[in-house]
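Participant: Just dropping this structure here.
The values are calculated or read from the model by the stated rules, or taken from the named source; none is laboratory data. As the structure is a computational prediction, the values presented were derived from the model and not from experiment. A quick note on method: Cβ atoms are made from the backbone with ideal geometry, for glycine too, and the neighbour counts reach across all protein chains shown. Note: areas computed on protein heavy atoms with side chains; ligands, DNA, RNA excluded. Shrake-Rupley method; radii C 1.70, N 1.55, O 1.52, S 1.80 Å.
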Amino acid sequence: MIRAYVFTLLAAVSLSAQSTGILKGKVTDPQPAAVAGATVRVFAKASGLTRTAVTGPQGEFQIDSLPAGEYLAEARTEGFDQANPVAVSVVAGRAAVIEIRLSVEGLTTRVLVTASSTPVTTDQTSKALDVVDADEIGRRGEITFAESVRNVPGVRVQQLGGPGSFTRILTRGLRAYDTSVTVDGARLRDAAAVQADATAFIGDLLVAGADRIEVLRGSGSSLYGSNAIGGVYNIVTDAGGGPVRGEISGEGGGLGLARGLARVAGGAMKDRLQYSAALAHLDVNGGVDGIEDVRNTTGQALAQFHFNKGASLTARVLGFGGRMGLTSNPVAAPETNLPAGLSTVEARALAPDQVRRLESGQTVDWGTATFAPNLYDADNRRVSGVVSTMLTWNQQVNARAGYKLSWHNLVSERDNQDGPGGYGYQPSFDSSNYFRGRYDTLNARSDLWLGSGNLLTGGYEWEREHYRNHATDRNPDAASRTDALTTAQQRSHAAFVQDQMRFFSDRLQVMVSGRVQHFNLSAPGFEGGAPQYQGAEFRSPKNAYTGDVAVSYYIPSTGTKLRAHAGNGYRAPALYERVGASFFFGSFSAYGDPRLKPERSVAVDAGFDQYFANSKVRVSGTVFYTRLQEVIGFGSLVDDAYGRWGGYVNTGGGLARGVEISGEARPWRTMLVRSSYTHTNADERTPFLLDGAVRSIRVFPNAVTMVATQQLTKRIQLTADFFGADEMISGTFFVGWGTRPYRFGGPRRLDLSGSWSKPVGEKVELRFFVRAENVLNRTYYEDGFRTPKAWATAGMKVVF
């Protein structure tokens with residue numbers, strides 16, 4: 001099979017003096033009247049090549065120099081009127097003509113790339129996948145990546161404070177590091193993080209330059225490698241193209257928040273050159289209760305040049321980071337305030353005036369409080385930065401074959417700086433714990449049509465991973481001063497294959513994929529600290545074998561799609577888990593274990609998508625089940641080979657299962673409603689809380705979301721955004737002999753946003769907007785960290 005595939009591909013390449021054709025057409029509404037200013041995107045099925053155009057005054061568009069092949073074309077406007085994707089064939093030397101008709105009353109599908117790594121429509125997707133596009137993000141007034149996805153079913157976003165604070169994303173009741181974040185399909189990870197995932201800097205990532213965010217729920221390891229056990233969140237960059245367009249905006253208000261955004265996109269040289277760029281900055285001066293300080297900046301740019309022979313070269317850069325003032329962790333009340341035994345503690349916060357006394361070192365009246373929330377720490381801060389750079393060569397060889405070569409470089413830096421100030425355990429001297437990670441990834445893949453309904457993809461990936469940790473302090477005694485350096489490096493080779501098959505006039509979709517990955521760990525380096533790892537044998541992790549099967553069947557007569565998805569996941573031990581250490585009070589504590597085995601999982605889900613009322617209503621339901629067969633955890637150790645009192649060990653996994661139900665409706669042309677309900681039952685195989693319970697921490701058993709947008713007039717738009725959940729168990733509070741479980745009530749959060757637009761020229765518009773969050777003014781805590789009560793901002797943007 002592999003030999004036949006390679007031979008057919010080489011033959012296709014050798015016979016291809018690739019010629020191009022033209023795609024032109026018109027975008028209309030149902031009358032059918034011409035629609036000017038609509039964005040038309042064209043996706044090559046065989047290579048993922050994307051071209052963009054914007055319709056003229058008569059709704060017309062034209063894209064030149066398109067390689068011969070099969071394409072999906074979609075048209076979208078800034079409002080709710082969208083069009084279902086249209087399949088079209090482009091023949092060399094000829095012009096293909098299509099008409100794309102917008103739907104002004106019903107819901108539509110769109111083109112996605114994350115579920116299969118190649119373009120497919122929503123109706124052709126056999127997996128549970130949701131899209132949050134730039135228009136929805138703008139309507140809700142979201143400013144961070146994490147906040148943009150919090151209403152997706154099965155997704156739990158935990159933000160420990162106000163905007164820009166430390167943030168986790170948990171998918172389907174699993175751990176934060178079971179979620180993979182990608183940008184244009186390239187993994188966004190921190191090689192120096194504890195689990196080598198993206199959690200360390202998720203809170204820093206602002207919305208800037210993204211066309212949409214695609215959220216794949218369920219195992220994605222066979223396509224996206226390590227850390228994709230629970231799901232994949234793919235940020236798709238605005239591809240540019242068409243006339244110059246963009247915006248400049250600014251807002252400010254509550255929490256001492258100020259934010260600015262500038263973005264531009266367009267095309268040149270008859271759209272052979274497409275580009276986009278964006279820059280966003282967030283400043284939070286005070287935040288919740290005046291104890292937060294955040295400065296974040298995100299910049300993103302893309303340039304894509306299309307050559308005559310069906311090839312394109314794309315350069316994309318994403319950079320973000322800044323400075324964040326950190327607070328001391330929440331603390332448990334004195335033992336006399338806690339219930340006897342080891343049972344779960346009902347969380348009751350210390351009164352605000354007593355919190356201030358605790359921060360200043362005075363005596364405190366605890367009353368009936370069972371915990372004190374996070375406390376001000378003036379000399380505790382984090383400085384971070386991430387730069388992701390990618391070059392991609394994409395060529396549609398002929399109507400049957402295409403290939404893609406990409407190089408991705410990802411550098412991340414974090415410097416955790418702390419001093420003796422603050423409550424609780426603090427370092428005796430000013431200290432710095434600096435982490436630097438780097439990934440270099442080369443990916444080569446090809447796509448080949450074996451028949452009209454069979455697309456075969458194969459490829460190879462090489463990756464190099466660097467880890468560096470340098471811990472220092474300012475102890476005046478030079479002999480006792482901390483100056484310890486740990487470095488490590490790992491390489492991996494992966495081969496992957498995917499087969500997408502369509503039967504019965506595309507009603508039956510079957511996708512099978514597999515991936516094998518080999519790791520090669522180099523001997524790490526240690527300077528300073530204690531010699532715990534001297535003489536240790538550093539073995540490379542075992543090969544990773546992952547597979548995935550997804551099937552869907554569409555019933556046109558009833559508008560029903562049935563789908564099922566099964567796959568296994570894999571997470572290689574992070575370099576920190578293998579060689580990481582802590583340096584506190586001038587002492588060295590080894591945490592890593594070079595002998596760690598990888599984490600493995602199995603996941604299954606099944607569901608349906610159903611249209612009603614002439615496609616005005618869509619309802620989806622999914623049942624999911626994920627078993628973590630073996631995981632890496634942190635535990636106490638006795639007689640350890642490396643003299644560790646505690647560290648990372650292989651241990652029993654866990655189980656997460658539940659139900660996701662979501663709905664979308666367009667009851668009339670000017671209103672759009674989305675809602676979801678998620679039930680999650682997640683357990684640990686090995687309990688780590690003192691009460692012996694196995695329920696997973698931070699997981700809401702039941703959660704409800706709803707977003708409703710009403711276009712009141714052509715210029716006025718209002719959006720209401722609600723999130724509610726029941727109680728959760730926190731594992732934050734260490735009480736001297738272990739971690740005591742605390743029960744926190746869930747949020748009831750209602751956000752409102754509105755805008756008023758005024759044209760000031762033929763192509764320029766002023767838009768004034770206001771955003772109010774937590775308007776119900778509810779008090780709730782995330783793992784004991786304070787979150788904002790009611791607050792609001794207002795601003796203005798110039799759209800051109």
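Participant: For segment 499-583, evaluate the Debye formula with one uniform point scatterer on each Cα (no solvent term) and list log10 I(q)/I(0) at q = 0.18, 0.19, 0.26 Å⁻¹, rounded to two decimals.
Facilitator: Reported log10 I(q)/I(0), two decimals: -0.86, -0.91, -1.24.
Participant: How many percent of all Cα-Cα pairs in segment 665-800 sit more than 19 Å apart? Intermediate results must be reported in sequence, preceding the final value.
Facilitator: On the way: 5965 of 9180 pairs.
Roughly 65 percent, once rounded to a whole number.
Participant: Would you pull out the residues with amide H under 5 Å of D447's amide H, same chain only if 5 or more places away, H placed 1.01 Å from N?
Facilitator: Those lying under 5 Å, H to H, from D447 are G402, Y403.
Participant: Then there is this: In whole angstrom, note down how far apart the Cα centers of segment 103-129 and segment 143-169 are.
Facilitator: Using only Cα atoms to place each centre, the spacing works out to 24 Å.
Participant: Applying the Karplus parametrisation 6.51 cos²θ - 1.76 cosθ + 1.60 with θ = phi - 60° to the phi angles of segment 27-44, what ³J(HN,Hα) value in whole Hz is obtained for each residue in order, glycine and proline being reported as x?
Facilitator: Each residue of segment 27-44 in turn: 10, 10, 9, x, 5, x, 9, 5, 10, 8, x, 7, 8, 10, 10, 10, 10, 7 Hz.
Participant: Still on this structure: Eigenvalues of the Cα gyration tensor times 5, then square-rooted: what semi-axes does that give for the chain, in whole angstrom, largest first?
Facilitator: Details: eigenvalues 385, 201, 126 Å².
Listed largest to smallest, the semi-axes of the chain are 44, 32, 25 Å.
Participant: Ok, one more. What fraction of the DSSP beta bridges in the chain is antiparallel, stated in percent and rounded to the nearest 5?
Facilitator: Working: 342 of 358 bridges.
Antiparallel bridges: around 95 percent, rounded to the nearest 5.
Participant: Considering only Cα-Cα distances, which of the following residue pairs are longer than 26 Å: K714/K763; K24/K763; K24/K758; K616/K714; K127/K616; K24/K797?
Facilitator: Working: K714/K763 16 Å; K24/K763 24 Å; K24/K758 32 Å; K616/K714 21 Å; K127/K616 22 Å; K24/K797 33 Å.
With Cα atoms farther than 26 Å apart: K24/K758; K24/K797.
Participant: In segment 443-484, which trypsin sites (Lys or Arg not before Pro) are in a loop and have at most 15 other Cβ atoms within 10 Å, using DSSP for the loop call?
Facilitator: R474, R481
Participant: What is the dipole size for the chain, taken about its Cα centre, with +1 at each Lys and Arg Cβ and -1 at each Asp and Glu Cβ, in debye to the nearest 20?
Facilitator: Details: 84 positive and 77 negative charges, 400 e Å.
With only Lys, Arg, Asp and Glu charged at Cβ, the dipole is about 1920 debye.
Participant: How much length, in nm to one decimal, is gained on full extension between S360 and W756, taken as 0.36 nm per residue of separation minus their Cα-Cα distance?
Facilitator: Details: separation 396, 0.36 × 396 = 142.56 nm, distance 4.62 nm.
Length difference between fully extended and current span is 137.9 nm.
Participant: Quick one: what are the phi-derived ³J(HN,Hα) couplings along segment 196-213, Karplus 6.51/-1.76/1.60 with θ = phi - 60°, whole Hz, x for glycine and proline?
Facilitator: So the J values, rounded to whole Hz, are 6, 10, 9, 4, 4, 10, 4, x, 7, 7, 8, 6, 7, x, 8, 7, 6, 10.
Participant: Give me D for segment 404-522 in µm² s⁻¹, whole number, from Stokes-Einstein with Rh from the Kirkwood sum over alpha-carbon pairs, 10 °C and 1.306 mPa s.
Facilitator: Numbers: Rh = 18.7 Å.
My calculation gives 85 µm²/s for D.
Participant: Here's a follow-up. Can you tell me what percent of all Cα-Cα pairs in segment 477-542 are more than 15 Å apart?
Facilitator: Working: 1529 of 2145 pairs.
Looking at segment 477-542, the distances longer than 15 Å represent 71 percent of pairs.
Participant: Next question. Find the Rg to Rh ratio for segment 63-146, where Rh is the Kirkwood radius over alpha-carbon pairs and Rg uses the same atoms.
Facilitator: On the way: Rg = 15.2 Å, Rh = 14.9 Å.
Ratio of gyration radius to Kirkwood radius for segment 63-146: 1.02.
Participant: Where only protein heavy atoms count, and the probe is 1.4 Å, what is the accessible area per residue for segment 415-546 in Å²? Don't skip to the answer; put the middle values down first.
Facilitator: Values: 6310 Å² over 132 residues.
Per-residue accessible area for segment 415-546 comes out at 48 Å².
Participant: So, one more: What accessible area per residue, rounded to a whole number of Å², is obtained for segment 648-800 using a probe radius of 1.4 Å? Walk me through the intermediate numbers first.
Facilitator: Values: 6780 Å² over 153 residues.
Value for segment 648-800: 44 Å² per residue.
Participant: Amide H neighbours of L326 under 5 Å, at least 5 residues apart or on other chains, H built in the peptide plane: list them.
Facilitator: So L326 has HN proximity to N380, R381, R382.
Participant: How high is the FRET efficiency from Y545 to D430, r the C-beta distance, R0 51 Å, rounded to 0.05? Spell out each step's value before the answer.
Facilitator: On the way: r = 48 Å, r/R0 = 0.93.
E between Y545 and D430, to the nearest 0.05, is 0.60.
Participant: How far is helix 2-14 tilted off the main Cα axis of the chain, in degrees rounded to 10, range 0 to 90?
Facilitator: On a 0 to 90 degree scale, this one is about 50.
Participant: Please list, in chain and number order, the residues 5+ apart from Y423 or on another chain whose amide H is under 5 Å from its amide H, with Hs placed from the backbone.
Facilitator: none
Participant: Suppose the chain between E537 and D483 were pulled fully straight at 0.36 nm per residue; how much longer would it get relative to their current alpha carbon spacing? Before the final figure, lay out the partial values.
Facilitator: Details: separation 54, 0.36 × 54 = 19.44 nm, distance 2.46 nm.
Fully extending the segment from E537 to D483 adds 17.0 nm.
Participant: Which whole-number value in Å² is the accessible area per residue of segment 43-123, probe 1.4 Å?
Facilitator: Working: 2590 Å² over 81 residues.
Here the residues of segment 43-123 average 32 Å² of exposed surface.
Participant: Taking θ = phi - 60°, what integer Hz values does the Karplus form 6.51 cos²θ - 1.76 cosθ + 1.60 yield along segment 782-793, in sequence order, with x for Gly and Pro?
Facilitator: Couplings: 10, 6, x, 7, 5, 10, x, 7, 4, 7, 8, 9 Hz.
Participant: Still on this model: Working with all protein chains in place, sort V91, V638, V288 by solvent-accessible area computed with a 1.4 Å probe, largest first. Provide the component values of the computation, followed by the final result.
Facilitator: On the way: V91 75, V638 125, V288 10 Å².
Correct descending sequence by accessible area is V638, V91, V288.
Participant: Would you list the P(r) distribution for segment 266-395, with all Cα-Cα distances sorted into 10 Å bins from 0 and each bin expressed as a whole %?
Facilitator: 11, 24, 18, 15, 13, 10, 7, 1
Participant: Rounded to the nearest percent, how much of the accessible area of the chain (1.4 Å probe, protein heavy atoms only) is carbon and sulfur?
Facilitator: Carbon and sulfur together cover 57 percent of it.
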